[in-house]
Amino acid sequence: MSSKRKHASLEEKSGREKKKQRMADARTITFQEPTPSGSTQAGTSRIGLRVLPGALDVEKFSQARQFEIRAMHDAMQSSSDASTSRAWQELPRHLRRRAASHDVRRVPIRLRDKARAEMDAPSKKASNKQPSKRGAGKRVERTASLARRQSDKSWLETHIWHAKRMKMENMWGYRLAVTPTEKAFRPSHRAAVHGSILHDASYLGLIELKGVESTIDIVLSQCCDPSGPLKTLSNGSRACHTHIYQPGQFPLGLICPVTVLWRPVSEQDSASNNMRTLWIQCHPAPFSTVYAALHTSISDALEQLQAGSPTSAPVEGVEMADLRGRVNVFDIVGPRSSQVLHGALHPVSPNGDVQEVWPSLKNLSTPGSIAPGIIIGLSVRDPRLSFPPKNAQPTGPASVKVKPTGSLAQSDLWDIAASETQQGPKYKKQELDERRSKNLVPGTRLTPARNDDRVPILLIQKSLPGVSKGQTMYGWTLIVPSGWGMAFLPSLVFTGTRIGGQTQKQHQAFETGSLHFPHQYPCTAEYDEFNRARVKEEKAAWERKPPSKRPNFEKLGVEEPWDADWHALLGLRPPRTEENLDLISTQRDVLPLEAPAQAAMIEDEDEPPQPWFCLPSLLARVLPAGEQLDGVDVDRRLVAHVNELRVRRGQPPTPLDPHTLLSSALVSVRLTLCGRGAPKDMAMIHSVGDGEARTWWQQHKGSSGTVTPVGEDVDVDEVSNGMESRDGETPMEQKLSTTPASSESLIGRVLSGSFSLCRGRGFAMGCIPLARLVEMREQNSRNAQTSDPADRRSKVPLLVKLRDRDGRVCRLAELEY
């Protein structure tokens, strides 16, 4: 049937065509066309070239071109009004504010006219209407309302500032920022690698110990990691990062990592007595456990000293105080963190050491150029006086080499934090704004007066060590007194640094490959609590999905999809006997690593041994990198090193036998995928058989420095031809991906896995038994001995296979520890 209207398709236009025509009309500039008589009229044709006159009258020329000038302005205005984006959409994401939708002053000047035209007309309110008085007696003041909202949790001083820009959650008794509301995953990583990013860590617990130095040494030796440099850093020039244990239970009973800060001894104090003061900074979750462990250690130390004293005179005790909420802590990570601090802070009458060191900080290319953990103590002016701060720019190489000394770390912050009467800023922001309004030039900085505040602070160099140089992150930790959080935060943020939450802090540890508490600390109470919450959340999300939209773990052969059964992986408890025929390994020469035989020993013992986490510091002593393990009894070496550390700290040898201590130990490992893919959390780590590892070893010399995964029954000649198939995968990768892994080869689980932006490939951090790591080292040594003599000198990493719990694909990965 023909259309009733002829040429309807030519007459009618689509909405998109009409929009294009409307935008073209709005951007058209009208002009005047010259007529034969010399007059001009509006037209659409071009004006030909004319001979330029020798002289030009500007006034007459502008009057003659009045029509063109007005037409150009009208075209600019019409094209701006016809734009499809609003004023606030033309701003970058970090400048967008929710207040821009109703406050034109929040928009830059160049866009205010457009924003004012886009705003809706304000609704007229009734002039004679009186506000309702109903419920006037039930109204609650804002201060009381905010205090009531903190009944079951605590707020940081910067809570309201973060709540407007971050997603908040209840954590460890606080209301903390998790992640920014804007897209910040890659920008935050770029800031940590190339710029600077700030995190408010004022929620950390702080404990003060004060007493005789010899007594404090005994207290710390009872509960701290014996391998830590506590005594060597007791002069207070550098911070000590160590771990705390239950008293006398090393290497068992791990609680959490801590940071120990010794107060530097002044000349007056050293001449008078031997009293020392130190701070212990820990995570807020195990704060009560750490406090109880220190209290027990103090009691044991006093009993030990009293028993060894020849007289019955009482021994001088150790004072312990809870300093939570007495200081504010800001962590600034990135190579520009030194310039940020130098631009926002202004020292007041610094001493000789600080006066030499402070000017050279802005010239540091990265805080890693100075000694790790160095402490700088100084007093600065109120940062609100010099707001807005000017970014410090490097003027050349650092002229002064910063050396950690006790005099450089002196600060009055120790006395202010310990005092019971906490004092904040002397002047409110409103009072400072009134002083600023009286300046002859509006907006200029205030001239510091004699009555203005002088704030004592501490600067501590912060390091997140990585495997390689490009994966290490450096920064500073700024500690200021309580009440000064919102005085320092705006100045630090105004320098251009980004703000991060808990997600960004965990991501920094993931990229550097360092342990993050409590996510990478199994066998601790806090990890168990975090793991239970994660299991509950993930299992509830899985149960909400219909069976057709969720993975069937029973058919996939995953026995523990939600939680890692460390007892079964260590052989302390017999694993389940359920097996799935679909996941039986098809490899002919795979020799799975045998689990430690503990069944007979467990039946005779009343209590089976409990898993314990072996820290990297102890593991480096037991399994040095590059050392051959031929004929070496690792279990006896482990016990020997543990007893050596315990005896050095005045503790008796461990009662555990070597076999039990080795078979119940877990170690942290770093896993880098050899090819494509990115592992997920709780992925399974499988061992690689001797035959498969030997085939990979033969192909390693032809990989030109890149890892080439090889399957068990893959033709080597076919692989060397460089043939590729689907999605860019080689036949070796396809064979490895389609070969399922058996449950007997399961040796560990991934705790955190994702795509690493630093490495450009999949990366994960997991845990495996220490006995399995020893067997993998021995396997690698056997394969190296059977290879060509020319290939033995090349370093080949340990190999494992990773498999997500919701898939069948296994991918080859390099293992480091």
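The values are calculated or read from the model by the stated rules, or taken from the named source; none is laboratory data. Since we're looking at a predicted model, the values are computed, not measured. Cβ coordinates were reconstructed from backbone atoms using ideal geometry, including for glycine residues, and neighbour counts include every protein chain displayed.
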Exercise. Among the helices (runs of 4 or more DSSP H) confined wholly to segment 582-687, which include 2 or more residues that are modelled with pLDDT of 90 or more and surrounded by 14 or more Cβ atoms within 10 Å (Cβ to Cβ)?
Worked result: 616-622, 634-648, 658-663
Exercise. Identify, please: which residue in segment 218-253 is at positive phi and within 29 Å of the chain's Cα centre (by Cα) and is, among those, modelled with the lowest pLDDT?
Worked result: 236
Exercise. Limited to segment 450-493, what total is found for residues that are assigned to a helix (DSSP H, G or I) and touching a residue at least 40 places away in the same chain (Cβ under 8 Å)?
Worked result: 11
For this session: Considering each of 144, 191 in turn, give the residue that is crowded, with 19+ Cβ neighbours inside 10 Å and among the aliphatic types (A, V, I, L, M).
Result: 191
Exercise. Restricting attention to segment 167-187, does a residue exist that is part of a helix (DSSP H, G or I) and not charged (D, E, K, R)?
Worked result: yes
For this session: Consider only pairs whose beta carbons are under 7 Å apart and that are at least six residues apart or on different chains; among these, list those whose first residue lies in segment 9-38 and is closer than 30 Å to residue 64 by Cβ and whose second residue is assigned to a loop (DSSP other than H, G, I, E, B) and modelled with pLDDT of 65 or more.
Result: 26/82
Problem set entry | Conditions (1) under 32 Å from the mean Cα position of the chain (by Cα); (2) on the phi < 0 side of the Ramachandran plot: number failed by residue 441 | (1)
Exercise. Looking at segment 296-308, is at least one residue surrounded by 16 or more Cβ atoms within 10 Å (Cβ to Cβ) and small (Gly, Ala, Ser)?
Worked result: yes
For this session: Go through segment 519-546 and give me each residue that's touching an Asp or Glu at 6+ places or on another chain (Cβ under 9 Å) and crowded, with 20+ Cβ neighbours inside 10 Å.
Result: 522
Seminar exercise, completed: Looking across segment 273-292 at residues that are of a type in the set (S, T, N, Q) and part of a strand (DSSP E or B), the single one that is nearest to residue 216 (Cα to Cα) is 277
For this session: Residues being touching a His at 6+ places or on another chain (Cβ under 8 Å) and part of a loop (DSSP other than H, G, I, E, B): count how many of those fall in segment 494-519.
Result: 4
Seminar exercise, completed: Among strands (runs of 3 or more DSSP E) entirely within segment 308-424, at least 1 residues that are in the same structural domain as residue 471 (by TED's automatic domain parsing), hydroxyl-bearing (Ser, Thr, Tyr) and modelled with pLDDT of 90 or more occur in 375-381
Exercise. Picking from 364, 278, which residue would you name as being in contact with a Phe, Trp or Tyr (Cβ under 9 Å, 6 or more places away or on another chain) and closer than 30 Å to residue 505 by Cα?
Worked result: 278
Problem set entry | Options 195, 135; residue that is more than 14 Å from the chain's Cα centre (by Cα), farther than 30 Å from residue 367 by Cβ and among the small types (Gly, Ala, Ser) | 135
Seminar exercise, completed: residue 484 meets each of (1) hydrophobic (A, V, I, L, M, F, W, C); (2) in contact with a Lys or Arg (Cβ under 8 Å, 6 or more places away or on another chain); (3) closer than 30 Å to residue 420 by Cα with one exception, condition (2)
For this session: State all residues of segment 225-252 that are of a type outside the set (Ser, Thr, Tyr) and either in contact with a Leu (Cβ under 6 Å, 6 or more places away or on another chain) or not assigned by TED's automatic domain parsing to the domain that holds residue 294 (or both); if no residue qualifies, say none.
Result: 226, 230, 239, 240
For this session: For residues that are part of a loop (DSSP other than H, G, I, E, B) and modelled with pLDDT of 80 or more, scanning just segment 56-83, find the one that is surrounded by the most Cβ atoms within 10 Å (Cβ to Cβ).
Result: 65
Exercise. Which condition breaks for residue 749 when tested against (1) in a helix (DSSP H, G or I); (2) at pLDDT 90 or above?
Worked result: (1)
